[in-house]
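Structure first, commentary second.
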Amino acid sequence: MKEKIINISYYLLLKYTKMNETQQEIRKILAVIEKGQNFLVMGHKSVDGDAYGSSMALYFYLQSIGKNVEVINELPITPLFHFLNIHTEVHKAIEGTKFDAIFVCDCGELSLIGKYPELHPDIFEHTPIVSIDHHNGNKMFGDYNLVDTKSSSTCELLYDLMEENKKEITIQVATLLLFGIIRDTNCFKNSIRPHTLEVTSKLIALQAEYEKIIFHSYKSEKLNYLQLYGYVLENLTSLKGGKIVGGIITQEVFQRYNIKETELGPQLINEVLSSLDGADFAFLIKETDSGDIKLSFRARRDGFDVSRIARYFGGGGHIQSGGAYTNISIEEILKVIEEMDVRM
């Protein structure tokens, strides 16, 4: 009994210590925001809902408290996010020359933002970097690191920072934060904790447009997209006796169904391929407009870390999901997927 009490006390101490560390980092970052005036915000170059939601929410939040902000991304923003009615242009090139801090959202390592550090060494070597992230294996590359791998999303973490600052969170910012949480948890199916639902409740109380997000994310598929899903299922790739399943979509197939690669959302892998009974994890291989290969991975059950495969190809992610870009052949990709041990 005494040993059990000691174990519980140790667990509570660790939990309190972690919470205290997070609060301390939040306060340090808020001091940076309070002191500074000019900020640069960016997310990883293959923009998903959490990267977009967090970077744009931070952009508008900083503007709302009187800061000058520039938001950039190396790749174009997918049309899938247009329903959010964000009229601010996300620039590809950095226009400013001096910033008080660089905010990097949803990146486990700095290389995921693209070539900006190489193109602008004067900026990146002499400006404090604030990393806000929730990925396993984060490199802690920032001068300030608000990193919590138990958080559902970067947007959840960002809400905690904004709440601590005790400034108004607008409907637009609340909607962007909720969008990131919903997309990164696949509508609360993965990686949630009680705090995730608490934050969600607070965002809805702030009039975040929950129904709009759900409709455009999960209830608005066009016929040609469903036909593409049918093609993928008819031509399903099965490895290890069905333990690994996936789809391959070349540019020829995209053109056949009049769909651009950048317009294909996560539903195919999240809702279709990942639902196949008996599989441990699913993958999707897509040929981009530029000829590169975009990879996505989703674990179907606990005990499998698909981010290992993503990291092998230079990408990243979570235990249950990951992604990467590569230029090696599809045959080589399939060989790696089949041979790599992702069991935990």
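Being of a type in the set (Gly, Ala, Ser) and surrounded by 18 or more Cβ atoms within 10 Å (Cβ to Cβ) is the filter; apply it to region 254-275 and report the residue that is modelled with the highest pLDDT.
Let us first name the residues in region 254-275 that are of a type in the set (Gly, Ala, Ser), namely 265, 274-275.
Filter again for surrounded by 18 or more Cβ atoms within 10 Å (Cβ to Cβ), leaving 265, 274.
Numbers: Gly265: 90, Ser274: 93.
So, considering only residues that are of a type in the set (Gly, Ala, Ser) and surrounded by 18 or more Cβ atoms within 10 Å (Cβ to Cβ), the one modelled with the highest pLDDT is Ser274.
Give the residue that is farthest from the chain's Cα centre (by Cα), with candidates limited to residues of region 294-338 that are among the basic types (Lys, Arg) and under 21 Å from Glu263 (Cα atoms). Quick ask: steps written out before the conclusion?
Filtering region 294-338 down to residues among the basic types (Lys, Arg) leaves 294, 298, 300-301, 308, 311, 335.
Still in the running and under 21 Å from Glu263 (Cα atoms): 294, 298.
Values: Lys294: 15, Arg298: 13 Å.
Among those residues, the one meeting the criterion is Lys294.
Would you check which residues across region 191-210 are of a type in the set (Ser, Thr, Tyr) and under 18 Å from the mean Cα position of the chain (by Cα) and list them? Show your work before the answer.
Step one: of region 191-210, the residues of a type in the set (Ser, Thr, Tyr) are 191, 196, 200-201, 210.
Hits for region 191-210 are Ser191, Thr196, Thr200.
Test each condition in (1) buried (at least 17 other Cβ atoms within 10 Å of the Cβ); (2) in contact with a helix residue (DSSP H, G or I) (Cβ under 6 Å, 6 or more places away or on another chain); (3) closer than 21 Å to His87 by Cβ for Thr175 and report the one that comes out false.
(2)
Considering region 162-189 alone, what residues qualify as being in contact with a Ser or Thr (Cβ under 7 Å, 6 or more places away or on another chain) and of a type in the set (S, T, N, Q)?
Once the filter is applied, which keeps residues that are in contact with a Ser or Thr (Cβ under 7 Å, 6 or more places away or on another chain) and of a type in the set (S, T, N, Q), region 162-189 yields Thr170, Thr185.
For region 90-98, indicate whether the set of residues that are surrounded by 17 or more Cβ atoms within 10 Å (Cβ to Cβ), assigned to a loop (DSSP other than H, G, I, E, B) and more than 20 Å from the chain's Cα centre (by Cα) is non-empty. Before the answer, list the steps.
So the first thing to find is which residues in region 90-98 are surrounded by 17 or more Cβ atoms within 10 Å (Cβ to Cβ), and the list is 90, 94.
Filter again for assigned to a loop (DSSP other than H, G, I, E, B), leaving 90, 94.
Okay, now just the ones that are also more than 20 Å from the chain's Cα centre (by Cα), so 94.
Scanning region 90-98, I find at least one residue that is surrounded by 17 or more Cβ atoms within 10 Å (Cβ to Cβ), assigned to a loop (DSSP other than H, G, I, E, B) and more than 20 Å from the chain's Cα centre (by Cα), so the answer is yes.
Please state which of the following conditions Glu209 fails to meet, knowing it meets all the rest: (1) closer than 24 Å to Ser151 by Cβ; (2) charged (D, E, K, R); (3) not assigned by TED's automatic domain parsing to the domain that holds His82.
The one condition Glu209 does not meet is (3).
Looking only at residues that are assigned to a loop (DSSP other than H, G, I, E, B) and within 19 Å of Thr154 (Cβ to Cβ) in region 68-87, which one is modelled with the highest pLDDT? Give the steps one after another, and end with the answer.
Going through region 68-87, the residues assigned to a loop (DSSP other than H, G, I, E, B) turn out to be 73-78, 85-87.
Retained after the next criterion (residues that are within 19 Å of Thr154 (Cβ to Cβ)): 73-75, 77-78, 86.
Details: Asn73: 94, Glu74: 90, Leu75: 86, Ile77: 88, Thr78: 88, Ile86: 89.
The selected residue is Asn73.
In region 327-344, what residues are of a type outside the set (A, V, I, L, M, F, W, C) and touching a residue at least 40 places away in the same chain (Cβ under 8 Å)? Spell out the reasoning first.
Here is the first cut: in region 327-344, the ones of a type outside the set (A, V, I, L, M, F, W, C) are 327, 329, 331-332, 335, 338-339, 341, 343.
Across region 327-344, the qualifying residues are Glu338, Arg343.
I need a count of the residues in region 25-57 that are assigned to a strand (DSSP E or B) and surrounded by fewer than 24 Cβ atoms within 10 Å (Cβ to Cβ). It would help to see each step written out before you state the result.
If we filter region 25-57 for residues that are assigned to a strand (DSSP E or B), which is where we start, we get 38-43.
With the extra rule that they be surrounded by fewer than 24 Cβ atoms within 10 Å (Cβ to Cβ), the set shrinks to 38.
Residues in region 25-57 being assigned to a strand (DSSP E or B) and surrounded by fewer than 24 Cβ atoms within 10 Å (Cβ to Cβ): 1 in total.
Would you pick out the residues in region 99-132 that are outside any helix (DSSP H, G or I), at pLDDT below 95 and on the phi < 0 side of the Ramachandran plot?
Residues of region 99-132 outside any helix (DSSP H, G or I): 99-109, 114-115, 120, 127-132.
Narrowing the set further to residues that are at pLDDT below 95 leaves 107-109, 114-115.
Scanning region 99-132 gives Cys107, Gly108, Glu109, Lys115.
Within region 280-309, can you find the residues that are small (Gly, Ala, Ser) and either at positive phi or surrounded by 23 or more Cβ atoms within 10 Å (Cβ to Cβ) (or both)? Full working, then the answer.
To start, the set of residues in region 280-309 that are small (Gly, Ala, Ser) comprises 282, 290-291, 296, 299, 303, 307.
Matches in region 280-309: Ala282, Gly291, Ser296, Ala299, Gly303, Ser307.
The values are calculated or read from the model by the stated rules, or taken from the named source; none is laboratory data. As the structure is a computational prediction, the values presented were derived from the model and not from experiment. Quick reminder, even Gly has a Cβ in these numbers, built from the backbone with ideal geometry, and neighbours come from all protein chains shown.
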